[in-house]
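A quick write-up on the structure given underneath.
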Amino acid sequence: MRTWGPLTAVSLGTFMLLLDVTIVVVALPDMARALDASLADLQWVIDGYALALAALLLGVGAAADVLGRRRLHVMGTALFALASLGCGLASNADVLVAARAVQGLGAAAMFATTLPLLAAAYQDRERSVALGVWGAVSGASAALGPIVGGLLTAGPGWRWIFFVNLPVSVASIWLTLRVVPESRGPAGRRVDWAGTAAFACIAGAGTYGVLRGGTEGWTSAATVAAFVVSVLALVCFVQVERRTAHPLLDLRLLRKPAFTGVLLGAIGYNAAAFGVIPYISIWLQTVLGMSAVRGSLVLLPLAATSFVVAAISGRLLHGVAPRLVIGVGLLLIGAGGLCMAVLDAGSSWNALLPGLTIAGIGTGLVAPGLAGAALAAVPPANSGMAGGAVNTFRQLGYAVGVALFGTVLTSRMADSLGHDAAHAVAGGGAPALSGTLSEHSVRAAFAAGLNGASLAAGVTGLVAGVLVLVMVRTSSGQRPGVTGSAAPGAPDRGRKAAVGAGGR
């Protein structure tokens, strides 16, 4: 590499934005106590960010092709920093959730422009090296989020998980303006704002419906209305995408079983691997009484195993069909979820270690291969759209997983504690309820709830793995041996398309 400047600038922003997807997990109990937040509030602290990132990623990426990728990247980083400041200063849960959504908007602008900025800065072999480093940073950031969050929460306090973004953002903006060249997409491209708005409504209303269903019932007016809005938005999205000249997602690609299978695998992967983690963190701290640091270290087997397996799988499994690598990885994630569904009132943290380790192995197999499999399933001209769709559906899977598994958790707990007490305990209110509920009943109920959530996550992983093994069989754009996120070994025109259209 002749110069590491552009790669450093882009990777710094990527690490920060992906770290914030999971960094709040360990801080949830402290947030609940400081802001008097409910379980629904805590779920939205996570989902507000993930949904904004997922819903706006494709549209903002298209806007960057028109307005300038470096310009939008810098604007997104500045917005991310301001929203982080708002998160850290939040006086109540509503302000925090709103600031997290704005943070997600900034993150979408950053994430959508990372790969095309690298494409403009590097060529040929240097580009492959840069994409490989960027992929490693992307994988490590989400896995390290809970650990970094635990250290900051136990040290200066939970607000610093947001304040720490400010100096990093300043450094990223300065470095980007100094060393990253400006670039744009093909002339004449238009932004599909109508499709962007419709997709945002699909994701937001659908997730809201799942959350409301868990708190007010699946037949309540608010729940039914949310799902109706989501379905209507889906109809609008299909109509818009069929008519526009520059769609966010070419619906004809969904006729390819391999591409549809990868998208389903992406949703199932983030849901099954990470959707239960927030509730495990709450269990560790509020029920078992562990500190934020100790609670984060319990999750270390997932992060460490994932990182090691991802690092070595690219070399050892190069040439293996992506469907096998991803499919088997998803089956392992599902098996890990099932292994964690063994808790009872007397269980300690070590009961989770086998399941976390197995899930970590699966995560290390799946994460590097999803984007490469998507690129292999479509013609090179659609590579940018395919890569962006995978990133979008991954974040959507995480948001839906948190909402769905939280609903399973509280419904199982409500069987023994009652509806209100179950939501209070699941939201980190176990100490406050100690006077009205016995410690044994709280431990037993939370264990039953986590078993239900882990079981649901395990089934999700298994189903996603089977779908990938069955559907991801064809290769249109690249040879089937591609398993890396940067699609090494693919034709150069395919790699340029993947990064030139925003990596969206």
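When the Cα gyration tensor is reduced to axis lengths a ≥ b ≥ c, the ratio a/c is 1.5 or higher for the range 297-362, and with a/b not above b/c it is classed as oblate. For A345 and V308, the difference between the fully extended length at 0.36 nm per residue and the C-alpha to C-alpha distance is 10.0 nm. With R₀ fixed at 51 Å, the C-beta to C-beta distance from E126 to A245 puts the FRET efficiency at about 0.90.
In this rough spin-label picture, where each label sits 7 Å from Cα along the Cβ direction, the R255-S441 distance is 6.0 nm. Remark: the chain carries 36 Å² of accessible area per residue (probe radius 1.4 Å; ligands, DNA and RNA excluded). Across every pair of non-identical alpha carbons in the range 195-354, the mean reciprocal distance, once inverted, gives a Kirkwood radius of 19.2 Å. For the chain, averaging the sequence separation of C-alpha pairs within contact (under 8 Å, six or more residues apart) and dividing by the residue count gives a relative contact order of 23 percent. Placing +1 on the Cβ of every Lys and Arg and -1 on the Cβ of every Asp and Glu, with no other charges, gives the chain a dipole of roughly 1820 debye about its Cα centre. Peptides 453-466, 332-345, ordered by how many other C-beta atoms sit within 10 Å of their residues on average, highest first, read 453-466, 332-345. Computed from Cα positions, the angle between helix 353-366 and the longest principal axis of the chain comes to roughly 20 degrees. In the range 361-411, the alpha-carbon atoms span a convex hull of 78 Å³ per residue. Here the extension length gained between L316 and S411 equals 29.9 nm, from 0.36 nm per residue of separation less the Cα-Cα distance.
Within the chain, what whole-number % of the accessible surface is contributed by carbon and sulfur, with the 1.4 Å probe and all protein chains included in the calculation?
Here carbon and sulfur together make up 67 percent of the probe-accessible area.
Largest accessible area first, the residues L316, L404, L152 order themselves as L316, L404, L152 under a 1.4 Å probe with ligands, DNA and RNA left out.
The values are calculated or read from the model by the stated rules, or taken from the named source; none is laboratory data. The structure presented is a predicted model; accordingly, all values stated were derived computationally and were not measured. With ideal geometry, Cβ positions are generated from the backbone for all residues, glycine too; neighbour counts draw on all protein chains shown. SASA here: full protein model, heavy atoms, side chains in, ligands and nucleic acids out. Shrake-Rupley method; radii C 1.70, N 1.55, O 1.52, S 1.80 Å.
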